[in-house]
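For reference, the structure is listed below as structure tokens.
The values are calculated or read from the model by the stated rules, or taken from the named source; none is laboratory data. Computed from a predicted structure; not experimentally measured. Cβ coordinates were reconstructed from backbone atoms using ideal geometry, including for glycine residues, and neighbour counts include every protein chain displayed. When the accessible area is computed, the model is the full protein with side chains, heavy atoms only, and any ligands, DNA or RNA have been set aside. Shrake-Rupley method; radii C 1.70, N 1.55, O 1.52, S 1.80 Å.
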Amino acid sequence: QHQHQHQLRLPHPRPEGVRDGLGLRPLLYFSEGWVVSAVSAVVMVTLVAASSRAAWNTASPATALLTFVQAWAGLAAFAFALALPSMLKFYTWFASSGIWLASHRGFGSRGHNPYGLPINMPVLSVRAFVASGLVLVASFAAAAVVAATAATAATVATAATTPTTTAAPWALPLGLLMATSYIAAMLYLSQLYPESTAGQHSSLVVPNILAYLTLGLLATSLRTELSQEVLAQDCALVLLLVRVHLVSLYFGGCVSKLAGSYVVGYPWMAGGRSLRACAYHALWSRPGASADALITRLQVRLCTAPAWVLTLLSVLTHVFQLGSPAVLVWPSLGPLFAAGAFSFHIGVYTVLGIDFCTHWCPALIVFCVARGPSAGLLASPASPASALVSVAAGWNVLHWAAVAYLACQLFCVLTLNEARGGTGPMPFSCSPMFAMPQDLLGDPMINWFTSISGNPRAAGHLGTIEWSGPPFASHTLSQHDLDRLPWDVTYVGSVSTRNVLVARCINEPYRTGAGNGGDRLCFTNERGCGADKAAAMQRWANQSPLCGPRLEGDALTEAQRQQLVASAVQLRLVVLGLKGKAD
């Protein structure tokens, strides 16, 4: 056996009281992502169905903005309140866990400083964490109420006032509530950076939308004279900034994959291999409740699907992401774009188990309001694009700050700042989550599989577990820290890779093993896993063609690939069956 091979090691038992309260039952039984996405879908369908196209074309931008704030803030309050009990259990454990990940706070999978600035986020006590969560929920709920009231008043005022004058008394209180939500969100989310549903990239849209709403609404409140035309331009500008930012995230995701393909020298879409690898990794780390569960069966179907099916799905995803800026030019496509993005998030959540539903789906509401000419980059003289030229002279410093904020986001997308490593600019992001091509039977990336107890799809679970482990330097989780986790975790696989950038993320002793392609690694903190499962995991590590040297993968025929992957899937189902139903 290779010198870097590790036998399964069973540590001392951990307290049952700690294990039983984390990452198990969601508040409403269903995972938060399913609940929030379902409610978001109802809201979006209602908004689109409630008005005719003509009504949307003539809708006031102020009414559209208030409608968006009302719906989005209300859903955000619901989402954060729904997850708060589970987050409290998670943070109570995390803050006192003693693992290295808990030594700091920040954003992204590694807890970077906000916006890449030399500003350390504070480590909150449990009471302060709860207080920040309660303030966040309360400020969102209050903003939804204020926006709903103001939307009704704005509709009446538009009909009653003269075309040259108007008032927006709601701008200041709503702007202050958004500012409060922004501060609370930055504090609250920075404490949860490694959590599975609010950490990493799952909630990055929240502080960004809040930044635009805060700056835009307060900028409007500072105007000494406010005509209907100026109010419409201000509100349309805020909606435009939010839409451009969201579109840049989808567009950046595709650009990151194209850049990753260039760096590795292997196309992301080729043969559907990257999508197959993503599905197989999820079959390990985020399967259904049992080997017979619907989600597990869907994952198996995708893992064993013909190459042309996987290639087609990959191409459609790239086309959607790369073509997303079209909705900025033709805002009437808003509902269609929202439906596509919603389907994309549901598909990722179902098959891969990664939650971009809880916080991204409510944000899509912005594409279901103000779909007329005033919402586009081009078209009528009243459009925000024209306003940028003709009205910019009347802007105050907060208007310019909002535009500068978007410019920073676009810079991070076009330069792939986050994908290239470094300190990371989050909550600015180019969405590089799936940037690197993968091949289960080749080695453009490592094959690192993780089996986790609990429910990583629900709030209150450590989402960075599957990207961590003793061999890694960038996502540190030593054996000592692994033994402190309240979940049963098993790592099995190989860190062999031809990718120099990925190899740099591996600790030196294991990097040496990766260099000659012979490593077959297995780590665990599980106790009482049973002799059958232990033997199955060890046999998998020793014999699987997905571990060790994989350079010969390029020479395999598609039929040989299908056969090898199918056998690997069956062995994973055997191990999953031995594990039994999820907690």
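What number of residues within segment 442-462 are modelled with pLDDT of 85 or more, in a loop (DSSP other than H, G, I, E, B) and either in contact with a helix residue (DSSP H, G or I) (Cβ under 7 Å, 6 or more places away or on another chain) or open to solvent by less than 10 Å² (accessible area, probe 1.4 Å) (or both)?
6
Which is at pLDDT 95 or above and open to solvent by 20 Å² or more (accessible area, probe 1.4 Å), of S96, S125, S109? Working first, answer last.
Values: S96 fails: at pLDDT 95 or above; S109 fails: at pLDDT 95 or above.
The conditions single out S125.
Search segment 212-228 for residues being of a type in the set (S, T, N, Q) and assigned to a helix (DSSP H, G or I), and hand back the single one that is nearest to A179 (Cα to Cα). Full working, then the answer.
Within segment 212-228, the subset of a type in the set (S, T, N, Q) is 214, 220-221, 224, 227-228.
Filter again for assigned to a helix (DSSP H, G or I), leaving 214, 220-221, 228.
Numbers: T214: 5, T220: 14, S221: 13, Q228: 25 Å.
Residue satisfying both the conditions and the ranking: T214.
Go through (1) outside any loop (DSSP other than H, G, I, E, B); (2) surrounded by fewer than 23 Cβ atoms within 10 Å (Cβ to Cβ) for V206 and report which single condition fails.
Checking V206 against (1) outside any loop (DSSP other than H, G, I, E, B); (2) surrounded by fewer than 23 Cβ atoms within 10 Å (Cβ to Cβ), the one that fails is (2).
Could you identify the single residue in L213, L222 that is over 25 Å from L333 (Cα atoms) and either in contact with a strand residue (DSSP E or B) (Cβ under 8 Å, 6 or more places away or on another chain) or at pLDDT 90 or above (or both)? Working first, answer last.
Working: L213 fails: over 25 Å from L333 (Cα atoms).
Selected residue: L222, the only one of L213, L222 that is over 25 Å from L333 (Cα atoms) and either in contact with a strand residue (DSSP E or B) (Cβ under 8 Å, 6 or more places away or on another chain) or at pLDDT 90 or above (or both).
Please pick out the residue among A62, A55, A38 that is within 22 Å of Y182 (Cα to Cα) and either open to solvent by 40 Å² or more (accessible area, probe 1.4 Å) or modelled with pLDDT of 50 or more (or both).
Of the residues listed, the single one that is within 22 Å of Y182 (Cα to Cα) and either open to solvent by 40 Å² or more (accessible area, probe 1.4 Å) or modelled with pLDDT of 50 or more (or both) is A62.
Given the criteria among the hydroxyl-bearing types (S, T, Y) and either out of contact with any Lys or Arg (no Cβ under 8 Å at 6 or more places or on another chain) or surrounded by fewer than 24 Cβ atoms within 10 Å (Cβ to Cβ) (or both), does S256 qualify?
Values: among the hydroxyl-bearing types (S, T, Y): yes; either out of contact with any Lys or Arg (no Cβ under 8 Å at 6 or more places or on another chain) or surrounded by fewer than 24 Cβ atoms within 10 Å (Cβ to Cβ) (or both): yes.
When the stated conditions are applied, S256 passes them.
Could you check how many residues of segment 262-282 are small (G, A, S), open to solvent by 20 Å² or more (accessible area, probe 1.4 Å) and in a helix (DSSP H, G or I)? Talk me through it step by step, then tell me what you get.
So the first thing to find is which residues in segment 262-282 are small (G, A, S), and the list is 265, 270-272, 274, 277, 279, 282.
Narrowing further to those that are open to solvent by 20 Å² or more (accessible area, probe 1.4 Å): 265, 270-271.
With the extra rule that they be in a helix (DSSP H, G or I), the set shrinks to 270-271.
Final tally of qualifying residues: 2.
Matching residues to (1) assigned to a helix (DSSP H, G or I); (2) touching a residue at least 40 places away in the same chain (Cβ under 8 Å); (3) on the phi > 0 side of the Ramachandran plot:
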residue	(1), (2), (3)
G98	no, yes, yes
L101	yes, yes, no
M121	no, yes, no
V137	yes, yes, no
A142	yes, no, no
A147	yes, yes, no
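With respect to S181, determine if the residue is buried (at least 24 other Cβ atoms within 10 Å of the Cβ) and in a helix (DSSP H, G or I).
Yes, satisfied.
Would you confirm, using the coordinates I've provided, whether Y115 is at positive phi and either part of a helix (DSSP H, G or I) or crowded, with 17+ Cβ neighbours inside 10 Å (or both)? Outline the logic, then answer.
Numbers: at positive phi: yes; either part of a helix (DSSP H, G or I) or crowded, with 17+ Cβ neighbours inside 10 Å (or both): yes.
Judged against the criteria, Y115 is a match.
Report whether or not H475 is within 31 Å of the chain's Cα centre (by Cα), closer than 24 Å to G108 by Cα and at pLDDT below 75.
Yes; evaluated as a whole, the condition is true for this residue.
Test P194 against the criterion of being touching a residue at least 40 places away in the same chain (Cβ under 8 Å) and within 29 Å of L564 (Cβ to Cβ), and give yes or no.
Values: touching a residue at least 40 places away in the same chain (Cβ under 8 Å): yes; within 29 Å of L564 (Cβ to Cβ): no.
Taking the combined requirement at face value, the residue does not satisfy it.
Quick grid of which residues meet (1) open to solvent by less than 10 Å² (accessible area, probe 1.4 Å); (2) β-branched (V, I, T); (3) at pLDDT below 70:
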| site | (1), (2), (3) |
| --- | --- |
| L501 | no, no, no |
| C522 | yes, no, no |
| N525 | yes, no, no |
| C529 | no, no, yes |
| N542 | no, no, no |
| L546 | yes, no, no |
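What residue, among those in segment 289-305 that are open to solvent by less than 50 Å² (accessible area, probe 1.4 Å) and free of Cβ contacts under 8 Å to residues at least 60 places away in the same chain, is farthest from G463 (Cα to Cα)?
Step by step, filter segment 289-305, then rank; the result is A305.
Just to confirm my filter: which helices (runs of 4 or more DSSP H) fall fully inside segment 306-360 and include at least 1 residues that are surrounded by fewer than 17 Cβ atoms within 10 Å (Cβ to Cβ), touching a helix residue (DSSP H, G or I) at 6+ places or on another chain (Cβ under 7 Å) and in contact (Cβ under 8 Å) with a residue 60 or more places away in the chain? Can you show your working first?
Values: elements: 307-322, 326-329, 334-351.
Of the helices (runs of 4 or more DSSP H) lying wholly inside segment 306-360, those with at least 1 residues that are surrounded by fewer than 17 Cβ atoms within 10 Å (Cβ to Cβ), touching a helix residue (DSSP H, G or I) at 6+ places or on another chain (Cβ under 7 Å) and in contact (Cβ under 8 Å) with a residue 60 or more places away in the chain span 307-322.
Sort through L482, L501 and tell me the only one that's out of contact with any helix residue (DSSP H, G or I) (no Cβ under 6 Å at 6 or more places or on another chain), more than 26 Å from M269 (Cα to Cα) and assigned to a helix (DSSP H, G or I).
Numbers: L501 fails: more than 26 Å from M269 (Cα to Cα).
The unique qualifying residue is L482.
Name the single residue, out of those in segment 405-427 being closer than 21 Å to V502 by Cβ and of a type in the set (S, T, N, Q), that is surrounded by the most Cβ atoms within 10 Å (Cβ to Cβ).
Among those that are closer than 21 Å to V502 by Cβ and of a type in the set (S, T, N, Q), it is N417.
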